[in-house]
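The values are calculated or read from the model by the stated rules, or taken from the named source; none is laboratory data. Being a predicted model, the structure only gives us computed values, none of them experimental. Neighbour counts are summed over all protein chains in view; Cβ atoms, including those assigned to glycine, are modelled from backbone coordinates with ideal geometry. Surface accessibility is based on the protein's heavy atoms, side chains included, excluding ligands, DNA and RNA. Shrake-Rupley method; radii C 1.70, N 1.55, O 1.52, S 1.80 Å.
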Amino acid sequence: QVQLVESGGGLVQPGGSLRLSCVASGIFFKIYDMGWYRQAPGKQRELVAGITRVGNTNVADSVKGRFTISRDNARNTAYLQMNSLKPEDTAVYYCNVGGPSSGKWGQGTQVTVSS
């Protein structure tokens, strides 16, 4: 049974930073691509950043230069470092393994950027 557990969300002021973590269990973590997605109220879920099993990364244009995705295969964990946060980054952030069609998602963690 695949389980993904996100943590690290919260309330932060504009310009602040957060680091999200996603701990995976029930899978051979290091062979899977991982991704972070977000969904704001009234909007579709969108890809924020992805990392392949060999460590190649991509990030959405909207967060380029501010967000960094990484992984620690020894800890079965993926990270999303978010700097220079903006109010428009407010959303529920979800971890995904194997791509959106896999159906394997965490429960989400709320990120709210507000003064």
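Being among the aromatic types (Phe, Trp, Tyr) and at pLDDT below 95 is the filter; apply it to the range 25-76 and report the residue that is most open to solvent (accessible area, probe 1.4 Å).
Ranking the qualifying residues of the range 25-76, first place goes to Phe28.
Could you check Ala91 against (1) closer than 20 Å to Ser115 by Cβ; (2) open to solvent by 10 Å² or more (accessible area, probe 1.4 Å) and say which number it fails?
(2)
Go through the range 2-24 and give me each residue that's at positive phi and either loosely packed, with under 15 Cβ neighbours inside 10 Å or aromatic (Phe, Trp, Tyr) (or both).
Gly10, Gly15
Residues that are basic (Lys, Arg) and under 20 Å from Pro14 (Cβ atoms), at least 1 per element: which strands (runs of 3 or more DSSP E) completely within the range 27-85 meet that?
It comes to 34-39.
List the number of the failed condition for Gln81; all other conditions in (1) surrounded by 15 or more Cβ atoms within 10 Å (Cβ to Cβ); (2) touching a residue at least 40 places away in the same chain (Cβ under 8 Å); (3) within 16 Å of Lys104 (Cα to Cα) hold.
With respect to (1) surrounded by 15 or more Cβ atoms within 10 Å (Cβ to Cβ); (2) touching a residue at least 40 places away in the same chain (Cβ under 8 Å); (3) within 16 Å of Lys104 (Cα to Cα), Gln81 is out only on (3).
Name the single residue, out of those in the range 96-112 being open to solvent by less than 60 Å² (accessible area, probe 1.4 Å) and part of a loop (DSSP other than H, G, I, E, B), that is nearest to Val12 (Cα to Cα).
Gly108
Restricting the first residue to the range 1-29 and requiring it to be closer than 20 Å to Gly99 by Cα and charged (D, E, K, R), which pairs with a second residue that is in a strand (DSSP E or B) and open to solvent by less than 30 Å² (accessible area, probe 1.4 Å) meet a Cβ separation below 8 Å and a spacing of at least six or different chains?
Here the result reads Glu6/Leu20; Glu6/Ser21; Glu6/Cys22; Glu6/Tyr93; Glu6/Cys95; Glu6/Thr109, each pair linking the range 1-29 to a residue that is in a strand (DSSP E or B) and open to solvent by less than 30 Å² (accessible area, probe 1.4 Å).
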